[in-house]
Amino acid sequence: MTLNLIIVIALLILGVLFMLVEIFLLPGISIAGIAGAIFLIGGIAYAYLFLGSTAGNISLAASAAALGGTFVWLLRSKSLRKISLDTNIESTVDNTNLQKMVAGDTGITISRLNPIGKVMVNDVVAEGKSMDGEFIDEDTEIEIVKVETYNVLVKRKNAH
């Protein structure tokens, strides 16, 4: 009886540990998560089979409480703060060159717009986006329809 109880407790502890490793250290479905689930299910099933339904119910409740309690404890502990990333990115993309462009300006595509690529307008290289999703080949004359925050909306220049 005591050997069965030790086996159940060991399986549940291993299951909880593997599940916590899966949640906090190895996100996604990995061997730790699968092993944790197998150990938890195996420990609960072992308790039901060899110790009876009362012991099975107790192991089910105890494993749920242990998993939940240790999860909350780890979230509140300072140990996660030591390994977490807390850097704030405060830099921005320099798009002052887009201020030199206005709707109606003409230029040329440097790369194929597929529907996004590089364009040169007013001797400034910028990211251009085809207005209607059309593919525009390299070295094609284009006209700016709209200047957006990070790119320019362009269309193929009509031959007059």
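Residues of segment 116-130 include none that is part of a loop (DSSP other than H, G, I, E, B), in contact (Cβ under 8 Å) with a residue 24 or more places away in the chain, over 30 Å from the mean Cα position of the chain (by Cα) and outside the structural domain of residue 17 (by TED's automatic domain parsing).
So, of the residues in segment 80-133 that are in contact with a Pro (Cβ under 7 Å, 6 or more places away or on another chain) and not hydroxyl-bearing (Ser, Thr, Tyr), which turns out to be modelled with the lowest pLDDT? Among those that are in contact with a Pro (Cβ under 7 Å, 6 or more places away or on another chain) and not hydroxyl-bearing (Ser, Thr, Tyr), it is 133.
In segment 86-105, the residues that are within 19 Å of residue 126 (Cβ to Cβ) reach residues that are among the basic types (Lys, Arg) with C-beta atoms within less than 8 angstrom, at least six apart or across chains, in these pairs: 103/146. With respect to the conditions (1) under 30 Å from the mean Cα position of the chain (by Cα); (2) at pLDDT below 90; (3) assigned to a helix (DSSP H, G or I), residue 29 lacks only one, and its number is (3). Looking for something among the polar types (S, T, N, Q), without any contact (Cβ under 8 Å) to a residue 60 or more places away in the chain and assigned to a strand (DSSP E or B) - is there at least one such residue anywhere in segment 131-148? Among the residues of segment 131-148, not one is among the polar types (S, T, N, Q), without any contact (Cβ under 8 Å) to a residue 60 or more places away in the chain and assigned to a strand (DSSP E or B), which makes the answer no. Annotation note: of 16, 8, 93, the sole residue that is of a type in the set (A, V, I, L, M, F, W, C), assigned to a helix (DSSP H, G or I) and under 26 Å from the mean Cα position of the chain (by Cα) is 16. Checked against (1) closer than 30 Å to residue 25 by Cβ; (2) in a loop (DSSP other than H, G, I, E, B), residue 82 passes all but condition (2).
The values are calculated or read from the model by the stated rules, or taken from the named source; none is laboratory data. Being a predicted model, the structure only gives us computed values, none of them experimental. Cβ sites come from the backbone with ideal geometry, for glycine too, and all protein chains shown count toward neighbours.
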